[in-house]
1. What is the distance, in nm, between label points placed 7 Å from the Cα along the Cα-to-Cβ direction at Arg50 and at Val20?
2. Tell me, Val61, Val32 in order of fewest to most beta-carbon neighbours within 10 Å?
Amino acid sequence: MQIFNTYGQNLSDALINPLVFITAHPIISLIVFTWLLIWKGIAMWKSARRNSAFWFIILFVVNTFSIGEMLYYLWTKSQDKKEVK
């Protein structure tokens, strides 16, 4: 069974080959890429400054919609406030 989006494109093709989606929706792709890059950069920068090799490697290898980066940032946010005082 084939499923088509509002533009008449076969969505199963986009799932098999992400370039189909990227070329069909460049603005959405750019927004998602920017979102991921920002969160990954923040989390990796913070883990490197804290000399946390474990977190740095995990964040470098694993990339799941920046959930790991957001969790790390939120987890260490309160610890950073304690260090400043």
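Every number in this text was worked out from the coordinates using simple rules, so none of it is lab data. Please read these numbers as outputs of a predicted model, since none were measured by experiment. Ideal geometry is used to build each Cβ from the backbone, glycine not excepted, and the neighbour counts take in all protein chains shown.
1. 4.1
2. Val61, Val32
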